[in-house]
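The values are calculated or read from the model by the stated rules, or taken from the named source; none is laboratory data. Bear in mind that the values here come from a model prediction, so they are computed numbers and not experimental data. So basically every Cβ, Gly included, is an ideal-geometry build from the backbone, and we count neighbours across all protein chains shown.
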Amino acid sequence: MTPTKIIIDTDPGVDDALAFLLALASPEIKLEALTSVHGNIGIEKTTRNALAVLELANASHIPVARGCSLPLVSALNTTGDVVHGSSGIGNSKLPEPKSQPIEQHAIDYLIERILAEPNQISVFPIGPLTNVALAIRKEPRIVQALKELVIMGGSIKQGGNASPLAEFNIFADPQAAHIVFHSGIPITLIPLDVTHKCLLTSEDVEKLNKISSPIARFVRDATEVYMDFYRQHEIFDGCALHDPLTLATIIAPELFTFEEHYVDVDISTGISTGNTFADLMKISKKPANMKVAMDVRGRDFINLFLERMETLSRSISE
Ligand code: RIB
Ligand code: CA
């Protein structure tokens, strides 16, 4: 089977980093590039972390293009370090990357790659949607050329995690999300409704670390801070693998229950700004603009993730 070509647009971020590792451990996927964006931490660190995690996984051949450092309209969100640590990747101690980002800006890189290979490239935005929104505005032809967007973001039937009503990636740049949601590009949305069912536990991490490998150690060191946050704030025993779950749309789509819905985002700058909602009762009569993951077999996904991490850990030993 021909692997699916993907570019991950990302704000690493602990769970972002785990998504890179899952992509690299999955023969169903060809990770073409990473494009960095502001989000969990500032652009300097998200770009550095992208390079460093690729180096950890012996994947420095994969290009990293540096993207936007600020949202379109909102002020920069600087709350992510509470969840992801001041490094952005928890307590992991990765060496300074030897590689550098490419010269091209992420927006121009996305446009060039998408137009060069029509209907071949899928983009997986797992951070704020600033880069993707500006790429659409700069070159509207990508709307027809992009195969699909698989977005980690939003929440449909449950509350938010950045505000009581808004999920972080959308809350960090609601106007960018509005541009993307109404672009006409084929979208699959992976919201908190399903990612909160995909909890990696400390027992899972300890079992993985029976393998002596820098990969297993990174998973442990990176998730420590992340898990503490969930213990203190979300009453979860573990941490949600928000970003890695997007890749299951390629690796194991049978784990999901999808529904087609009209989904919009509140950009009114009031108390509910960034809130995403689906017209579940079809009241607006507006056509569906995305496929939404409404349910998932969360523990089956975690087991799949752990299997792939074990394989990757064994392939990259001390
Ligand atoms: O709400 C979860 C999302 O926000 C994830 O992408 C996480 O990395 C943060 O960016
Ligand atoms: Ca992210």
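Results, tabulated for the structure shown:
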| item | result |
| --- | --- |
| Test: residue in the stretch 256-265 that is among the aliphatic types (A, V, I, L, M), at pLDDT below 95 and either assigned to a helix (DSSP H, G or I) or within 15 Å of ligand 1 (Cβ to nearest atom) (or both) | no |
| Residues satisfying the stated conditions in the stretch 212-241, i.e. part of a helix (DSSP H, G or I) and aliphatic (A, V, I, L, M) | Ile215, Ala216, Val219, Ala222, Val225, Met227 |
| Residue check, Leu31 under 18 Å from Leu200 (Cβ atoms) and hydrophobic (A, V, I, L, M, F, W, C) | no |
| Test: Ile41 is within 14 Å of ligand 1 (Cβ to nearest atom), out of contact with any Lys or Arg (no Cβ under 9 Å at 6 or more places or on another chain), in a loop (DSSP other than H, G, I, E, B) and within 23 Å of Glu167 (Cα to Cα) | yes |
| The one condition in (1) more than 25 Å from Ala176 (Cβ to Cβ); (2) touching a strand residue (DSSP E or B) at 6+ places or on another chain (Cβ under 7 Å); (3) surrounded by fewer than 20 Cβ atoms within 10 Å (Cβ to Cβ) that Arg314 fails to fulfil | (2) |
| Per-region count, the stretch 289-315, residues of a type in the set (Asp, Glu), in contact (Cβ under 8 Å) with a residue 40 or more places away in the chain and within 23 Å of Phe218 (Cβ to Cβ) | 1 |
| Failed condition for Ala106, given (1) surrounded by 14 or more Cβ atoms within 10 Å (Cβ to Cβ); (2) small (Gly, Ala, Ser); (3) farther than 18 Å from Asp15 by Cβ; (4) out of contact with any Ser or Thr (no Cβ under 8 Å at 6 or more places or on another chain) | (4) |
| One residue from Val73, Val64 being closer than 20 Å to Glu112 by Cβ and at pLDDT 95 or above | Val64 |
| Counted residues, the stretch 55-72 - those being within 16 Å of ligand 2 (Cβ to nearest atom) and not in a loop (DSSP other than H, G, I, E, B) | 1 |
| Residue check for Gly159: without any contact (Cβ under 8 Å) to a residue 40 or more places away in the chain, of a type in the set (Gly, Ala, Ser) and assigned to a loop (DSSP other than H, G, I, E, B) | yes |
| Selection status of Ala75, without any contact (Cβ under 8 Å) to a residue 12 or more places away in the chain, away from ligand 2 (no atom under 14 Å from the Cβ) and closer than 30 Å to Thr273 by Cβ | yes |
| Count of the stretch 182-231 residues which are of a type in the set (S, T, N, Q), under 30 Å from Phe277 (Cα atoms) and more than 16 Å from ligand 1 (Cβ to nearest atom) | 2 |
| Number of positions in the stretch 220-257 that are within 16 Å of ligand 2 (Cβ to nearest atom), hydrophobic (A, V, I, L, M, F, W, C) and in contact with a strand residue (DSSP E or B) (Cβ under 8 Å, 6 or more places away or on another chain) | 7 |
| Members of the stretch 196-232 that are under 25 Å from Pro95 (Cα atoms), buried (at least 18 other Cβ atoms within 10 Å of the Cβ) and of a type in the set (Ser, Thr, Tyr) | Ser213, Thr223, Tyr226 |
| Matching option when the condition is under 15 Å from Ile7 (Cβ atoms), buried (at least 22 other Cβ atoms within 10 Å of the Cβ) and more than 19 Å from the chain's Cα centre (by Cα), among Arg66, Arg113 | Arg113 |
| Single match in Lys138, Lys147, Lys157 (criterion: of a type in the set (Lys, Arg), more than 15 Å from ligand 1 (Cβ to nearest atom), more than 21 Å from Thr249 (Cβ to Cβ) and surrounded by fewer than 20 Cβ atoms within 10 Å (Cβ to Cβ)) | Lys138 |
